[in-house]
Structures are given as C-alpha cells and as structure tokens.
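Notes for the one structure printed next.
The values are calculated or read from the model by the stated rules, or taken from the named source; none is laboratory data. Note that this is a predicted model, so its numbers are computed, not measured. Glycine gets a Cβ as well: all are built from the backbone with ideal geometry, and neighbour counts include every protein chain shown.
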Amino acid sequence: MKVALVTGASSGIGRCVALALAKAGYAVVLAGRRAQQLEEAAREGGARCLAVPTDVTEESSVASLFARVTAEFGRLDLLFNNAGVGAPPTPLEDLPTASWRAVLDTNITGAFLCTQAAFRVMKAQQPRGGRIINNGSISATTPRPHIAAYTASKHAVTGLTKSTALEGRSYDIACGQIDIGNVATDLAAHIVSGTLQADLTLKSEPTFDAAHVADAVLYMAGLPLNANVLFMTVMATKMPYVGRG
C-alpha cells in the first residue's frame, strides 16, 4: 500500500485529490488548518484516511505532521504540496506587506518546509524514494493584474519544483508540478461572475471540474520513479490564456 500526504486537503482541489487517491487504494494523510472539514473529508475517504490539522507555515507544525505520517504508516510515497492562499486583488503599489508575507509564507515557505521534511523521510525509507507534486498555477508563468503576491509565490514554486527535481535524482525522488487554470471551486466563483483581465476590464471566464485535476495528479503519481511529468498544465479550454485570449 502506498502512502500519500495532501496539504490544503480540507476543501477544493486538495480534498478532491485526497479522495481520489483514497479511492485508488492509497493510504492518505489529509493536512490543513480546518480540523472539522479535514475530519469530514477523511471520513468520506474511508478507513485508510487520516486527518492531521497542520499549519504549513510553522516549522514545528510541519515536523509534527511528518512525525505522525511515519508513526502511522512507516513511509511516504507521495506528497502533494497543494496548500495555498491568495490576497484580495490589489494594485501592486497598495499591497500591504502583511498580505504579501501571508501569501508567500503559505504558498512557497509552506511548500518548502513540506518538501524538506518529505526529502528526509524518502531518503531514509526502504525502498528509498518517492514523488512530490507541487500545485503551481497558470500564474506561475502568466499573471493576472493585481495579484502580485500570488504571482510571485507561484513563480517561486516553479523554482522549487526544478530544484527538487534536480536534487531528488540522487535519492530516487521525482518532483513535478501541475499548473491549473480556472478549476471550479468555491474560491473560484469570481471567475464566472467576472474576473480582471489584462486590460483591467471584467470578464466572465469558463471553468472545469476539479475531478479532472485529480485524474491528472493520479496519472503523475502512478508513474514509476524513473519517469516524471515535470510540468503539466490543466485548464479550461476556452479561458483567455493562450496567445492573446
């Protein structure tokens, strides 16, 4: 039985992926800040799911999470670094420093702390190795206006993915990134009602079901460790992204 850890698993993409992994036969550790929602998701996933309330921005909380993973299951085969937040759309010059730090702390520092802890486990376990999948974003390459902190954090995730993939080679640790555009979750309701375009107009955009993200993650996770999807983009076909829209 393979063991997976999903951060940001209490709702949205994280919950959808965690439940898909459980259905595919993984033991799944669900991590996130909202204990009640985590427990509900774990119950839905079944007996091999474990909810562990965690703040990925806190080193001690991440250490406790990984200690629980190894105590319960003895190993870790897959980490899905999914936990992420944004700030309200704000012109760059007006963005509060506190908002900047909150986004960077979760989206990149949290991913780094979990990656670092996963490396330690995956290097030491037998059989050695594992896979790390980072949730990037369309914003990891192409920003929207007024989301400077989120954009910077997701560009940084791309750098972390490349560094992890490179350094992981020596230890049979594969790392890839899934960049998602306009998935239909509660947090993306504004995309349908109208979201800011490059010319600062508001426009409704299409979305797609999070189940397709889960399918993509399952494909990436199911590869042998000598094969890797380094980057994958999964997006609403008609969203204004390719070319000029």
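Tabulated results
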read-out: Matching residues in the stretch 145-169 - criterion: being of a type outside the set (A, V, I, L, M, F, W, C), part of a loop (DSSP other than H, G, I, E, B) and surrounded by 17 or more Cβ atoms within 10 Å (Cβ to Cβ); value: His146
read-out: Matching residues in the stretch 222-245 - criterion: being aliphatic (A, V, I, L, M) and either in contact with a helix residue (DSSP H, G or I) (Cβ under 7 Å, 6 or more places away or on another chain) or part of a strand (DSSP E or B) (or both); value: Val229, Leu230, Met232, Val234, Met235
read-out: Subset of the stretch 186-206 that is crowded, with 16+ Cβ neighbours inside 10 Å and touching a Gly at 6+ places or on another chain (Cβ under 9 Å) - its residue that is farthest from Ala24 (Cα to Cα); value: Glu205
read-out: Unmet requirement for Asn134, which otherwise passes all of (1) surrounded by 18 or more Cβ atoms within 10 Å (Cβ to Cβ); (2) in a helix (DSSP H, G or I); value: (2)
read-out: Qualifying residues in the stretch 164-188 (those that are in contact with a Ser or Thr (Cβ under 9 Å, 6 or more places away or on another chain) and either without any contact (Cβ under 8 Å) to a residue 40 or more places away in the chain or of a type in the set (Val, Ile, Thr) (or both)) - the one farthest from Pro224 (Cα to Cα); value: Ala188
read-out: Sole residue being modelled with pLDDT of 95 or more and assigned to a helix (DSSP H, G or I), chosen from Arg120, Arg128, Arg75; value: Arg120
